């Protein structure tokens with residue numbers, strides 16, 4: 001039943017969001033177009049290279065004002081049927097040509113091809129139609145991943161709260177009805193597949209930590225990680241967590257196995273991790289152009305990176321810490337909270353500012369409640385699982401911060417991190433909600449679960465209404 | 001008998017629907033439509049006696065005023081005479097004027113009479129009838145597909161920033177049919193305004209039913225251990 005609700009929302013998002021108004025959708029579409037029409041991955045990769053898309057896509061973007069309205073909430077797409085007819089006439093003038101020759105895709109060109117190969121299926125299926133036929137069929141195909149993400153949320157929470165279907169439903173609905181996840185997943189964007197795959201990785205890792213190592217499950221985990229790394233290079237940042245989830249049960253069973261067997265198992269796990277690491281570097285072209293170097297090269301640079309992190313996470317800069325002026329907005333709140341809860345379109349379509357403090361309070365309350373529940377053993381989540389969650393989150397955050405820090409230093413960019421980069425870990429938020437609710441007595445818990453499930457669906461509705469006001473009123 | 005959790009689910013969802021309806025009923029909008037031109041510089045300079053026009057504009061919705069962003073080089077904005085011409089017949093179909101004294105670099109709304117109905121193609125022209133120059137904020141030419149700017153009949157590489165507004169605002173609630181019609185543009189042929197009416201019905205009626213059933217099933221499972 002929850003999946004039915006999710007399906008209704010993703011179809012609404014996929015069809016209601018104007019064309020190319022999902023982050024970087026024009027580049028992701030261009031990647032698929034290059035794969036299908038040119039038979040190769042697109043050129044590009046440089047941070048400052050201007051994108052040169054196919055003539056067909058440039059034409060559609062011009063007639064829909066797709067690029068001029070980006071991050072410009074006052075500007076609207078065309079509202080007249082005449083504009084639509086004019087585009088159709090111009091598109092017919094291409095006589096089916098203009099789809100190939102995507103000359104430069106910018107940074108998205110280094111993305112691995114997995115998601116785009118999947119999206120090539122709807123592109124080909126709808127290739128008899130026009131640009132928008134293909135774009136919207138691709139969106140609907142992408143939206144199918146949201147159903148997988150929802151199932152993954154259900155499984156992760158169920159692994160830890162399976163004896164309480166109510167808590168499982170509450171936690172799963174937080175994952176399944178999170179508006180930003182639904183919005184991004186129902187556009188042409190590899191985050192859709194990545195969120196789904198990492199959701200399943202989380203489930204198998206938690207299951208391994210709870211039930212011990214199983215080689216069939218380990219094989220499935222390896223396959224999922226390989227698939228995830230074919231979608232986004234960010235998969236590399238989850239390796240420490242996944243390795244921990246596999247190695248910890250081996251270590252836990254050390255008394256029941258001989259040393260050679262333990263060493264063999266650990267070597268297999270580490271070998272799998274190395275394999276994934278190599279695959280990421282190969283398919284993402286070594287991450288070319290993304291960052292000038294991967295780790296601090298001097299103590300001074302490490303100290304400066306530390307200053308960047310302090311600027312990012314503290315509301316006020318302590319004395320004797322280097323000032324990063326672009327971080328004076330307290331990004332812990334203005335980036336992580338605001339843009340993970342709701343920043344639609346190209347980040348410009350948001351709830352009223354007064355709403356976000358409530359989102360921050362809910363986030364803080366949830367994780368604080370979860371911590372108390374785990375500490376008091378109201379929620380029986382093993383510490384190994386908590387450590388695993390931390391090992392999934394911290395390397396991801398540090399990796400994103402390092403990329404942004406180097407861009408600030410070398411390219412003088414402002415804040416580029418977005419809350420949606422944390423969304424693959426939404427099942428952890430689902431677990432936190434379920435854990436926090438476990439502190440309540442049964443009667444209050446029932447009411448709270450109703451509030452969470454109904455509230456998340458209401459949030460979806462309000463989000464779509466805000467989007468309608470942004471683009472169509 | 002519906003469980004407590006199911007009732008609260010329904011109530012909180014219904015509260016969301018009510019919030020959306022209240023927001024839509026109180027959100028009043030003057031904007032009839034915009035050209036989506038990015039205001040990058042005061043790029044269309046109009047000296048006394050000159051006329052600048054934005055031509056070949058689709059009238060997407062009825063409007064009776066326009067808003068521009070004028071710069072006057074440390075002066076108040078000079079008097080401007082506005083005329084709206086029907087693109088096909090070249091006849092003036094509405095006029096308006098901006099008297100002396102408006103502060104520069106502020107969005108300035110000029111009333112037109114009579115109102116221009118939806119569906120026409122028009123030119124909007126600004127004649128400087130004041131004593132000093134004015135520059136209209138503009139964006140790169142091509143920001144608005146099809147329409148273009150001229151000064152004294154000569155083509156300019158810019159588009160003038162103009163918003164087309166109505167003096168009497170409409171609520172978003174009243175615009176819902178228009179919203180759905182607009183959302184269906186630039187879509188596959190199998191999507192129309194009807195699709196969004198259908199989706200709205202599914203979201204408002206179908207989703208709560210599905211969620212309530214999910215919650216009820218979870219409550220029953222929980223109670224049966």
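Taken together, the values in this text are just the output of simple stated rules run on the coordinates, not laboratory data. Small disclaimer: the values here were computed from a predicted structure and weren't measured. So basically every Cβ, Gly included, is an ideal-geometry build from the backbone, and we count neighbours across all protein chains shown.
Worth pointing out:
- Volume per residue that the Cα convex hull of segment B:30-169 spans, once the total is divided by residue count, Å³: 94
- Label sites at residue A:309 and residue B:14, each approximated as a point 7 angstrom past Cα along Cα to Cβ, lie 5.0 nm apart.
- Using alpha-carbon coordinates, inclination of helix A:2-16 to the longest axis of chain A, degrees: 30
- Acute angle (nearest 10 degrees) that the helix B:4-26 long axis makes with the longest principal axis of chain B, alpha-carbon atoms: 10
- Residue-span extension gain [residue B:47 to residue B:91] - 0.36 nm each, minus C-alpha spacing: 13.4 nm
- Each part reduced to its alpha carbon centroid, segment B:211-225 and segment A:135-173 end up 17 Å apart.
- Estimated FRET transfer efficiency when R0 is 45 angstrom, pair residue A:387-residue B:30 (beta carbons, to 0.05): 0.20
- If the segment from residue A:316 to residue A:82 were pulled out straight at 0.36 nm per residue, it would be longer than the present Cα-Cα gap by 79.0 nm.
- Distance between modelled label sites at residue B:223 and residue A:375, nm, 7 Å Cα→Cβ extension: 3.5
- Extension gain from residue A:124 to residue A:43, taking 0.36 nm per residue of separation minus the Cα-Cα distance: 27.0 nm
- Cα centroid of segment A:1-71 to Cα centroid of segment B:93-130, whole Å: 37
- Computed E for residue B:205/residue A:223 - FRET, C-beta separation, R0 30 angstrom, nearest 0.05: 0.15
- Taking a ≥ b ≥ c as the square roots of the eigenvalues of the alpha carbon gyration tensor, segment A:142-237 is oblate, as a/c is not under 1.5 and a/b does not beat b/c.
- Cα→Cβ-extended label distance, 7 Å offset, between residue A:140 and residue A:355, nm: 2.8
- Between 0 and 90°, nearest 10: helix A:442-472 axis offset from chain A longest Cα axis: 20
- Both numbers refer to the Cα atoms of segment A:1-140; Rg and Dmax are 15.4, 46 Å.
- Computed [θ] at 222 nm, helices only, for chain A once each DSSP H run of length n ≥ 4 contributes -39500 (n - 2.57): -20500 deg cm²/dmol
- Residues residue A:90 and residue A:295, FRET efficiency given R0 of 60 Å [Cβ-Cβ distance, rounded to 0.05]: 0.75
- Among A:273, B:53, the order by Cβ neighbours within 10 angstrom, fewest to most, reads A:273, B:53.
- Put simply, the Cα atoms of segment A:329-473 extend 51, 41, 22 Å along their principal axes, the longest span coming first.
- Euclidean distance of C-alpha centroids, segment A:181-215 and segment A:375-415, integer Å: 17
- When A:87, A:294 are arranged by Cβ crowding within 10 Å, least crowded first, meaning fewest neighbours, the order is A:294, A:87.
- Seen from all directions on average, segment A:282-364 presents a Cα convex hull projection of 8.2 nm².
- Order of A:211, A:62 under a 10 Å beta carbon neighbour criterion, fewest first: A:211, A:62
- Cα shape, segment B:63-103, gyration tensor, a/c 1.5 rule: prolate
- Cα point-scatterer Debye curve for the protein assembly as shown, base-10 log of I(q)/I(0) at q = 0.06, 0.07, 0.08, 0.12 Å⁻¹: -0.40, -0.54, -0.70, -1.38
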